[in-house]
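The values are calculated or read from the model by the stated rules, or taken from the named source; none is laboratory data. This structure is a prediction, so every number in the text was calculated from the model and none was measured. Don't worry about glycine lacking a Cβ; one is built from the backbone with ideal geometry, like all the others, and counts go over all protein chains shown.
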């Protein structure tokens, strides 16, 4: 990312101070690992995938007017929206340049089509903003475009740039897809019940922007809480009381329902790896699925029967 430009370098340095979990390049690396591959190509593709993800976050923060990202000021908050948009564009361009250095046209095609899906997902999310009649099917479509497609793409690209047989490459893409769904659902749960410090970004921002996620969709359909929740979200009861909202989501079983769906996706992800020969890379991919479950749910507190009883702040 070094440009030699004294106006650009401080922005890039600041952006890269907090690296995040690096899940997508990790998936790409692990997908390539079981079979012979060019380490330089794997490195460049992994960097490109992470830069694409980072660019999408920088642009999302402008759209959402987010003030923090990964525990620090967002680029738009620290600088301004124009700088953020151009920084995101620079990240995309750098990613394309890396991909273009290797003669693998289907990789560029896969990644550009994935970016198209990500943009379409964001546009669809905007079109559904504050729509309290969003269905679960629409939610999953949105989750696919926003998150799961890039997880799947990372695994597919990693498999392609090694000598992996196609049947295994398809299974890894499936693994990434299910992992991405689970990751998005868990992230949506935490946005509603965790605090900003634990998240590293503003808590409740999705709801503030009108993004109706799986726990809300479920709670709105319950007889006991649906009508009240609809009034609360429509602003008929005054200013939104976040504690009351959390209690409704807990008491209605919405959090537990979303949690169970995320576990189902993680189990499907793990099942996609069952046909693979034993290898350190496949073992690590299984561990990633378990890590996502354990790391994220460690931020929530459960009673002896596994029921969510409070938020750990």
Query raised in the report: Restricting attention to segment 111-127, which residues are crowded, with 18+ Cβ neighbours inside 10 Å and farther than 21 Å from residue 50 by Cβ?
Result: 125
Query - Unmet criterion (only one of (1) part of a helix (DSSP H, G or I); (2) surrounded by fewer than 20 Cβ atoms within 10 Å (Cβ to Cβ); (3) touching a residue at least 60 places away in the same chain (Cβ under 8 Å)) for residue 156 - result: (2)
Query - Residue in segment 159-170 that is surrounded by the most Cβ atoms within 10 Å (Cβ to Cβ), counting only those that are outside any loop (DSSP other than H, G, I, E, B) and touching a helix residue (DSSP H, G or I) at 6+ places or on another chain (Cβ under 9 Å) - result: 159
Query raised in the report: Restricting attention to segment 22-47, which residues are surrounded by 13 or more Cβ atoms within 10 Å (Cβ to Cβ) and outside any helix (DSSP H, G or I)?
Result: 22, 33, 34, 35, 37, 38
Report summary line: Of the residues in segment 289-303 that are out of contact with any helix residue (DSSP H, G or I) (no Cβ under 7 Å at 6 or more places or on another chain) and at pLDDT 80 or above, the one that is surrounded by the fewest Cβ atoms within 10 Å (Cβ to Cβ) is 290
Report task. Output the residues belonging to segment 128-146 that are surrounded by fewer than 18 Cβ atoms within 10 Å (Cβ to Cβ), in a helix (DSSP H, G or I), free of Cβ contacts under 8 Å to residues at least 24 places away in the same chain and touching a helix residue (DSSP H, G or I) at 6+ places or on another chain (Cβ under 9 Å). Result -> 138, 141
Requested in this report: Just name the residue that is nearest to residue 12 (Cα to Cα) out of those in segment 79-90 that are surrounded by 17 or more Cβ atoms within 10 Å (Cβ to Cβ) and touching a residue at least 60 places away in the same chain (Cβ under 8 Å).
Outcome: 87
Report task. Out of the residues in segment 63-78 that are assigned to a helix (DSSP H, G or I) and without any contact (Cβ under 8 Å) to a residue 24 or more places away in the chain, state the one that is surrounded by the fewest Cβ atoms within 10 Å (Cβ to Cβ). Result -> 77
